[in-house]
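Data first, discussion second: the structure below is written as structure tokens.
Any read-out appearing in this document is the output of simple, stated calculations on the displayed coordinates, not a laboratory observation. Note that the structure is a prediction, hence the values are computed from the model and not measured. All Cβ positions, even for glycine, are placed from backbone atoms using ideal geometry, and neighbour counts span all protein chains on display.
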Amino acid sequence: MLKRLIVGLGLTLASAAGAAPDPKNWDAVLEEASGQTVYWNAWGGSTATNDFIRWAGDQVQARYGVTVEHVKLSDTADAVARVLAEKTAGKDEGGAIDLIWINGANFAAMKENGLLFGPWAEDLPNWRYVDVAGKPAVTSDFTVPTDGLESPWAMAQVVFYYDTARLPEPPKSMPALLGWARANPGRFTFPQPPDFLGTTFMKQALYGMVEDPALLQQPAEDVDYDAVTAPLWAFLEELTPNLWRQGRAYPQTGPRQIQLMADGEIDLAISFSPGEASTAIANDQLPDTVRTFVLDGGTIGNASFVAIPYNANAKAGAMVLADFLLSPEAQARAQDPNVLGYGTVLDLASLNAEDRARFDALELGIATLSPDELGPALPEPHPSWMTRIEADWQARFGTAQ
Amino acid sequence: MRLRYAPALTLALMLGPVLAGLAGTLLPAIGIFPALGGWAPSLAAFKALLDWPGLERSVSLSLTTGLAATALSLVLTALIVGSWHGTRAFRWLETALSPLLSVPHAAAAFGIAFLIAPSGWISRALSPWATGWTRPPDLLIVQDPWGLAMTLGLVTKELPFLLLMTLAALPQAQPRRSLTVAQALGYGRLTGWLKVVLPRIYAQIRLPVYAVLAYSMSVVDVALILGPNTPPPLAVQVVRWMSDPDLAQRFTAAAGATLQLALVVGALGLWLAGETVAAGLGRRWIARGRRAHAEALARGIALVLGALSAGAVLAGLAGLALWSVAGFWSFPDALPDTLTLRPWMRHGPELLEPALDTLLIAGAATALALALTLACLQAEQRFGLTPGARSLWLLYLPLLIPQIAFLPGLQTLALMAGADMGRGAVILGHLVFVLPYVFLSLGDPFRSWDRRHATIAAALGAGPARIFWTLRLPMLLAPVLTAAAVGFAVSVGQYLPTLLIGAGRVQTLTTEAVALASGGDRRLIGLYAIAQTAVVVLGFALAIAAPRLVWANRRGMRGA
């Protein structure tokens with residue numbers, strides 16, 4: 001009986017191992033991927049991203065015979081919950097999700113709970129173009145090493161956008177922002193944590209307040225969290241009464257701010273996408289007087305990734321899609337402000353002349369800053385900062401009414 | 001199929017998922033969640049829940065908004081029906097309110113938000129010439145801390161539901177005769193109705209009222225759009241915990257869902273106690289025998305509030321429709337700068353696939369529900385089963401238990417059973433919610449069918465099957481189709497069951513709309529709201545038109 005069990009177990013393991021495609025043998029991956037359907041779970045709240053995902057799906061269908069279905073999420077955590085539910089039910093293969101757009105705390109949680117497949121990302125053919133040295137965020141996701149469990153596909157950096165018709169000189173530092181908000185109460189807000197953008201605003205503010213920014217790279221438990229964050233809470237105590245609706249209500253997501261600005265309710269908003277304002281202007285969502293700026297001293301930048309769940313059904317197809325997203329063609333398209341306006345993860349110096357030309361040909365939108373104007377990105381703090389700041393904000397401001 | 005087993009099968013299909021789902025929620029609440037390393041029972045989750053600083057406000061918000069929305073809807077329903085039933089104004093109001101039943105809650109809430117916000121349509125129409133505003137004022141109207149906007153949003157959607165339920169119950173109460181007697185004794189129209197008819201009607205619409213209470217207390221989408229968020233009502237917070245990247249919060253979410261369930265049960269108890277008090281007071285009020293209470297004023301108020309409620313939803317929808325073709329549109333312009341079909345050209349083709357899936361799933365779930373309901377009702381008749389009050393409660397159970405308390409558990413169950421991810425599983429999931437509505441709208445017309453027709457047919461030699469197929473069913477075509485339209489509408493509106501059971505792979509207009517709504521783009525929200533509403537209205541239109549076409553030469557068969 002026991003013997004049969006062991007043999008059975010061995011067979012299961014062998015077949016499971018046989019089922020996992022190896023990106024080092026790319027031809028085999030391509031062969032296996034052909035005919036597969038990849039369910040890409042990605043946030044569906046932005047039309048620009050949805051259109052880009054459809055385009056990418058059409059391309060890999062035409063070139064590699066991989067069908068891509070975009071599962072539009074209202075929250076990335078829904079996908080994490082799904083994989084978790086599958087693990088709960090013992091569904092260790094044939095899972096519903098093949099690829100997730102992910103980063104930060106969601107990645108950390110999935111990695112920690114063994115919900116991801118891999119390593120695979122650093123063996124993709126197009127990985128050689130990735131700017132690992134120049135953009136450390138592509139292998140260090142909120143300081144958590146990616147270990148090849150996720151593949152980067154876009155760079156993001158905090159910017160602020162404002163309407164020049166109502167606000168000619170925007171405040172370029174957090175103290176200036178506070179002063180401006182005092183003089184003009186009700187004209188600024190941020191998405192309510194746990195929305196990542198709201199928490200990012202606080203991390204950005206924290207950057208300007210800590211003496212030694214290196215502290216933020218350590219887990220929050222390892223440093224004197226209370227002392228480090230004390231100036232942040234003092235800042236927010238003063239800012240909150242001067243926010244939109246006196247801080248008693250907040251927009252629930254980043255894009256909601258676009259509508260608020262178009263409605264004339266706010267004059268200044270935070271974004272994680274340098275091209276968002278230009279794209280919104282092109283879609284009649286913002287007036288063409290809106291412009292973008294970054295704070296003096298730099299702003300936080302991070303990378304967006306795609307990851308494959310441990311029980312994904314179409315792992316080979318998912319890899320082919322991830323590799324396509326890293327191709328110079330897809331990267332150049334994503335950087336086009338008329339399409340997405342996301343920064344590339346590639347090192348342009350490593351590309352051949354033809355591929356470089358794709359990037360050189362891009363025209364920045366009227367509200368998009370050039371890479372020089374954006375300046376160097378500050379690294380994301382360790383995910384524990386996000387978690388603790390979010391929880392503390394909830395306790396101090398999110399339940400205060 | 002053996003007809004005798006139909007009721008048991010129906011109950012199993014409806015209650016099995018609910019009870020199993022509840023177990024899947026209660027276990028993590030007491031710390032058992034093997035995938036996250038929870039093997040031993042513990043009360044840590046409840047401790048975390050109690051430690052959450054917003055709990056008190058969250059709970060009281062759920063209670064106050066739920067009770068207020070239910071009470072307001074009920075009072076308004078009674079006033080409207082009591083004052084205006086049988087008049088032309090009533091028919092007008094009925095025509096205006098019934099299609100509102102089919103407007104998805106989230107779409108209605110978005111429309112109302114755009115109407116009443118400081119930068120909304122009303123404010124735009126009055127600015128700057130009347131208000132002097134060139135910028136919207138910084139006023140907390142939507143998302144106010146007391147949940148007033150949310151309560152009003154709920155009332156505009158629950159009022160049509162209770163109104164239709166009341167209208168369905170009216171014939172059995174035979175109000176005409178009692179009212180004639182009351183009016184002969186000198187009672188005013190409204191006072192007479194409230195004293196003589198309402199007590200009998202209320203006994204019949206109790207369960208729908210409880211369903212409204214349970215729904216209003218645990219609603220998520222409307223609360224997200226119109227409700228306060230610092231802190232939000234409990235159901236919203238439970239959803240937030242469920243989607244927290246920190247997976248340990250799933251335990252807190254389960255504890256919160258358990259509390260939500262207890263809260264609904266407690267509120268139902270409170271409501272039942274309120275019924276006793278109201279009955280006592282009402283009896284004394286009736287016994288005092290006063291003939292009229294400011295009749296004209298009350299009737300006027302009822303009409304104005306009813307019209308306002310219908311008007312708010314319709315104007316909100318109109319606003320969203322306008323947004324879907326708007327170029328740039330800023331405050332304080334009452335109308336957009338330009339009109340453009342670009343959003344429709346760009347996103348119209350994407351509507352097709354989810355629309356087809358929506359039709360398929362809603363059609364299948366409704367057909368299943370109809371078949372089961374008819375089989376149950378027929379079995380009831382043939383084997384002389386008498387449905388007790390208890391079976392009616394069972395029927396309402398899926399509507400009384402907050403979705404958030406059993407759907408996550410149901411998802412895990414569906415996965416374990418391997419029945420998962422396909423449209424088939426989603427159809428079964430929808431069946432849980434479609435069945436009660438179909439049963440409730442078909443039960444009374446079916447039972448009140450004049451059985452003398454059957455007796456005559458049997459005397460002429462027809463067997464039970466033939467009587468059912470060639471006599472009863474054709475004669476009941478109109479109510480069957482109405483029940484189908486109601487079931488169809490319920491299925492179209494399902495968000496959480498579709499998302500959780502379909503693994504996100506099954507995409508309907510509603511799941512797409514909610515995902516896009518998270519981006520807050522009013523053009524897209526308008527586009528999807530119109531598509532969603534159109535699908536449902538189409539169902540109702542078919543239900544009304546079909547009997548008239550089929551029975552074009554049988555006037556008595558065309559239904560009301």
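To the nearest Å, what is the center-to-center distance of segment B:502-537 and segment A:240-290, using C-alpha atoms only?
What the calculation gives is 22 Å, centre to centre.
Would you mind checking which residues have amide H under 5 Å from residue A:39's amide H? H placed 1.01 Å from N; only 5 or more apart, or other chain.
Here A:69, A:98, A:99 satisfy the definition.
With contacts defined as alpha carbon pairs under 8 Å and 6 or more residues apart, what's the relative contact order of segment B:155-251 in percent?
On the way: 47 pairs, mean separation 20.5, N = 97.
Once divided by the residue count of segment B:155-251, the mean separation gives 21 percent.
How many percent of Cα pairs in the protein assembly as shown exceed 43 Å?
So the pairs more than 43 Å apart make up 37 percent of the total in the protein assembly as shown.
Find the relative contact order for segment A:290-375 and round it to a whole percent, using C-alpha pairs within less than 8 Å whose residues are 6+ positions apart.
Over segment A:290-375, the number comes to 35 percent.
What is the dipole size for segment A:299-361, taken about its Cα centre, with +1 at each Lys and Arg Cβ and -1 at each Asp and Glu Cβ, in debye to the nearest 20?
220 debye
Considering only C-alpha atoms, what is the centroid distance from segment B:474-488 to segment B:430-460, in Å?
So the two Cα centres are separated by 10 Å.
Give the average, rounded to an integer, of partner chain Cβ atoms located within 10 angstrom of each Cβ in B:454-462.
Per residue, the average neighbour count from other chains is 0.
Given an 8 Å cut-off on Cα distances and at least 6 residues of separation, report the relative contact order of chain A as a percent.
27 percent
To the nearest 20 Debye, how big is the dipole of segment A:135-184 about its Cα centre, given +1 on the beta carbon of each Lys and Arg and -1 on that of each Asp and Glu? Intermediate values should be presented prior to the final figure.
Numbers: 4 positive and 5 negative charges, 67 e Å.
Result for segment A:135-184 is approximately 320 debye, rounded to the nearest 20.
Dividing the alpha-carbon Rg of chain B by 2.2 N^0.38 Å yields what?
Scaled against compact globular proteins, the figure is 1.01.
For q values of 0.16, 0.21, 0.31 Å⁻¹, compute log₁₀ I(q)/I(0) with the Debye formula on a Cα-only model of segment A:49-90, without solvent.
-0.58, -0.75, -0.95
Which entries of A:24/A:111; A:72/A:203; A:24/A:315 show an alpha-carbon separation above 24 angstrom in the structure shown?
A:72/A:203
Towards the positive end of the charge dipole of segment B:49-208, with charges on Cβ (+1 Lys, Arg; -1 Asp, Glu), say which of B:53, B:100, B:181 has the farthest Cα.
My answer, from the dipole projection, is B:181.
Which residue, B:19, B:44, B:486, has the largest displacement toward the positive end of the dipole of the protein assembly as shown when charges sit on each Cβ (Lys, Arg +1; Asp, Glu -1)?
In the protein assembly as shown, that residue is B:486.
Among B:317, B:304, B:345, which residue has its Cα positioned farthest towards the positive end of the charge dipole of segment B:280-347, with +1 placed on the Cβ of Lys and Arg, -1 on the Cβ of Asp and Glu, and the dipole taken about the Cα centre?
About the Cα centre, the residue reaching furthest to the positive side is B:304.
Cα gyration tensor of segment A:157-316, axes a ≥ b ≥ c as square roots of the eigenvalues: rounded (a/c below 1.5), prolate (a/b > b/c) or oblate?
Oblate, because a/c is 1.5 or more while a/b does not exceed b/c.
May I ask you to order B:438-450, A:223-235, A:267-279, A:67-79 by the average number of other C-beta atoms within 10 Å around their residues, highest value first? Walk me through the intermediate numbers first.
Working: B:438-450: 18.8, A:223-235: 15.0, A:267-279: 25.8, A:67-79: 22.1.
The packing order, highest mean first, is A:267-279, A:67-79, B:438-450, A:223-235.
Tell me, how many Å apart are the Cα centres for segment B:341-371 and for segment A:143-183?
39 Å
Just counting partner chain Cβ atoms within 10 Å, what average do the residues of peptide B:326-338 show around their Cβ?
Working: counts 1, 1, 8, 4, 8, 4, 2, 0, 0, 0, 1, 1, 1.
Per-residue shielding by partner chains comes out at 2.
Ranked highest first by average number of other Cβ atoms within 10 Å, how do B:527-536, B:50-59 line up?
Put in order of decreasing packing, that is B:527-536, B:50-59.
Given the alpha-carbon gyration tensor of segment A:105-148, what are the semi-axes of its equivalent ellipsoid in whole angstrom, ordered largest first, with each equal to the square root of 5 times an eigenvalue?
Sorted largest first and rounded, they come to 20, 14, 6 Å.
Could you work out the mean count of beta carbons from other protein chains within 10 Å of each residue's beta carbon in A:278-291?
Per residue, the number of nearby Cβ atoms from other chains is 2 on average.
In debye, nearest 20: dipole of chain B around its Cα centre with unit charges on the Cβ of K, R (+) and D, E (-)?
In total the dipole reaches around 2500 debye.
Taking the Cβ-Cβ separation of residue B:285 and residue B:448 as r and a Förster radius of 35 Å, what is the calculated FRET efficiency to the nearest 0.05?
That gives a FRET efficiency of 0.65.
Rg/Rh for chain A: what does it come to with C-alpha atoms and Rh from Kirkwood?
On the Cα set of chain A, Rg over Rh gives 0.99.
I need the Debye-formula profile for segment A:283-330: one equal scatterer per C-alpha, no solvent, reported as log10 I(q)/I(0) at q = 0.15, 0.16, 0.24, 0.27 1/Å, two decimals.
-0.74, -0.77, -0.92, -1.02
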